[in-house]
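The values are calculated or read from the model by the stated rules, or taken from the named source; none is laboratory data. Predicted, not measured: the structure shown is a model, and the values here were computed from it. Virtual Cβ from ideal backbone geometry, glycine too; neighbours counted across all protein chains shown. For accessibility, only protein heavy atoms count, side chains too; no ligands or nucleic acids. Shrake-Rupley method; radii C 1.70, N 1.55, O 1.52, S 1.80 Å.
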Amino acid sequence: MARSPNENIVIIGGGPIGMSLALDLAYRGVSSTIIEKTDGRIETPKLGLISVRTMEIFRRLGLNNYVKDTKFKRDYGLSMVYCTSIATHFLGKIPYPSLQDEPSYPGSPETKWRCSQIFLNPMLEERVNACPQIDYRTMTQFERFEDKGDKVIVHVRDLENDTTSTLSTPYLIGCDGAGSRVRRQLEIDMLGEGALDHSVAIFFRSSALASDHKMGEAERYFFVDDNGWWGNISAMDGYELWRLTVSGADGKSESVVKDAAAWVRRALGSDDIPFELISALPWRRSQLTAAEFSKGRVFIAGDSAHTMSPTGGLGMNTGMGDVNNLAWKITASLEGWGGDTLLNSYTIERRPIAERNASVSTHNFNQLKSVINCTGILEETPEGERIRERIGAQITGATKTEWETMGVHLGYRYEASPILASDGTDEPYDDHRYYVPTARPGHRAPHVWLGGGPPNGLSTLDLFGPGFVLLRLGTSPQSCDTFERSARKRNIPLRVIDLDQADILELYESPLVLVRPDGHVAWRGQKPPEDAEKLWDIVTGA
């Protein structure tokens, strides 16, 4: 296909979103340059959960097994435990299995995974460095850009040599975090709540915490005192690495960082559990979404476009949805078959999802704080025991939905998108807890195992990615010659796949289903479209 004479995309920020975007573009044959101001090392991990949808995206990119090969103890229990400290009083538990015992989920070929950023970043960096289509530049500072209308000039500084240079790119993408320089130059406002809470992340090592205490194994330990919930410890590898989050550090973050060891000791509740302090990092919990996700030829993604409380693990995973949505649209524009509306649809489709997920995250945070009237919880008396029983029941009940959010991860949909052909069906209820598969336009095309299922079978999701896919379902596929000829004439990548499994037709509800390169349904019908050109105009943004 015809391409722009200068198609090298510049990405600012070498975190999980920036590197994944570069890998997705490379998957589609597009070269990119990543500009990262640090040396790439992570001192304090900020994420731990890889959602089932992100694992599906990694599966498409051939990265899912690399994620599963990263370090996390496979038989370490991943329950949620609530206590006054590790060494003192047990309050309650929400049991969840280890990675090796995680049951398969019928709605996906993948399961969620535990992978701290200290392991995810090096894995992605290794894949980026192995990809000839990606130029990964560390210790390089983004300075500013100039949008010329037909290209973007990007000014960068080599921090080691203190020299400046410029890059020319058809599109610039800011994946440079909550304080994004790219977004600030675009003068895009962040809307929402800027300071839900000030917290401190304390990273430490303790092999004893993996086994030598009465609370048992847990992915997360939540701590409650007379004033309610104040922090939690999260397992980073199931062996010896942990992150303590101290919440409510408003106005005292500096003192918490200074006294980080004392806060770890408070959480442990004993001098008999040895530990080694690694780092402490203050941060601000917020619920903010950019008013726009692009201007001209410049885009933002991930934390540059939206920030949210980490309660529920939706931050990076929402950013991966941005990657999945944007990469194919950039490619289509470079190859000439994407119309003007296609790139404009990025904000229209992704911004509501970011607002939705940020709202869910804040709800989860507020549920943690909702358990009050904890006075007496530390008392070694019968009344103290009754208080602990009450608080344990309240806090486990209030927070359980934080961990059961399959609807959030798989059930999001793109309503009111200009590049979808509606079939007239009503939007189903957006249940954050439970996922109900549907092939309604705008939704993720549902997973069904093809021919026998795992371990050797393919998923319907494995059919989607490089271009559009037209599924012809049932035992008597209808001819779609006009639709196919129209795609060839317009250089639109299209594969036609015939599937005669009854369960797929039953789930997809139509014998003809057009799926976009990001795995979302663009159109479905009982017969071929009457006007093939008009349908292609819609779904390609022309």
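The packing ranking of peptides 378-385, 406-413, 151-158, highest mean first, is 406-413, 151-158, 378-385, where packing means the average number of other beta carbon atoms within 10 angstrom of each residue. Mean projection of the Cα convex hull over all viewing directions, computed for region 170-226: 8.2 nm². Based on the reciprocal of the average 1/r between different C-alpha atoms, the Kirkwood radius for region 414-514 equals 15.1 Å. Values of log10 I(q)/I(0) for region 1-97 across q = 0.12, 0.18, 0.24, 0.26 Å⁻¹ run -0.62, -1.03, -1.34, -1.40, by the Debye formula with one identical scatterer at each alpha carbon and no solvent. Hydropathy at least -1.0 by Kyte-Doolittle, axial extent at least 27 angstrom from the Cα trace: which helices of the chain, defined as entire DSSP H runs, fit? Length and hydropathy pass: 315-335, 340-369.
The Cβ shell under 13 Å around residue 377 holds other residues with a net charge of -4, Lys and Arg each +1, Asp and Glu each -1.
For residue 151, the lysines whose Cα falls under 17 Å of its own Cα, not counting residues fewer than eight places away in the same chain, are 295, 329. Per residue, region 16-80 exposes an accessible area of 33 Å² to a 1.4 Å probe, with every protein chain left in place. For residue 501 and residue 434, a Förster radius of 22 Å and the Cβ-Cβ distance give a FRET efficiency of 0.35, rounded to the nearest 0.05. For region 270-313, a Kirkwood radius taken over Cα pairs fed into Stokes-Einstein (25 °C, viscosity 0.890 mPa s) yields D = 175 µm²/s. Shown here is the pair-distance distribution of the chain: with all Cα-Cα distances grouped in 10 Å bins from zero up to the longest one, the shares run 3, 17, 27, 25, 16, 8, 2, 0, 0 percent. Note on region 306-358: with neighbouring protein chains present and a 1.4 Å probe, carbon and sulfur make up 49 percent of its accessible heavy-atom surface. Each of residue 277 and residue 482 was given a label point 7 Å from its Cα along the Cα-to-Cβ line. The distance between the two points is 7.3 nm. Below 8 Å between Cα atoms, with a sequence gap of 6+, how large is the relative contact order for region 359-400 in percent? Once normalised by length, the contact order is 45 percent. Restriction of the GluC sites (Glu not before Pro) in region 175-276 to DSSP coil positions whose beta-carbon has at most 12 other beta-carbons within 10 angstrom yields 187. Note on the chain: dipole from Cβ charges, positive end direction compared against 376, 538, 464; the farthest Cα belongs to 538.
Taken over the Cα atoms of region 165-316, the convex hull encloses 155 Å³ per residue. Rg and Dmax, both from the Cα atoms of region 298-384 and both in Å, are 20.7, 74. How much FRET efficiency would the formula 1/(1 + (r/R0)^6) give for residue 400 and residue 102, where r is the Cβ-Cβ distance and R0 is 22 Å, rounded to 0.05? Efficiency, from the Cβ-Cβ distance: 0.80.
For region 56-160, the relative contact order works out to 19 percent when only alpha carbon pairs closer than 8 Å and six or more residues apart are counted. What part of the accessible area of region 1-154, given as a whole %, is carbon or sulfur when the probe is 1.4 angstrom? Using a 1.4 Å probe with all protein chains present, region 1-154 comes out at 48 percent carbon and sulfur. With r defined as the distance between the Cβ atoms of residue 168 and residue 258 and R0 fixed at 35 Å, what FRET efficiency is calculated, to the nearest 0.05? E between residue 168 and residue 258, to the nearest 0.05, is 0.15. Residues whose amide H falls under 5 Å from that of residue 445, counting only those 5 or more places apart or on a different chain, are 520, 521, with hydrogens built in the peptide plane. When the GluC sites (Glu not before Pro) in region 416-523 are filtered for DSSP coil states and for at most 16 other beta-carbon atoms within 10 Å of their beta-carbon, the remaining sites are 509.
In this label model, residue 533 and residue 211 are separated by 7.2 nm, measuring between points 7 Å along each Cα→Cβ vector.
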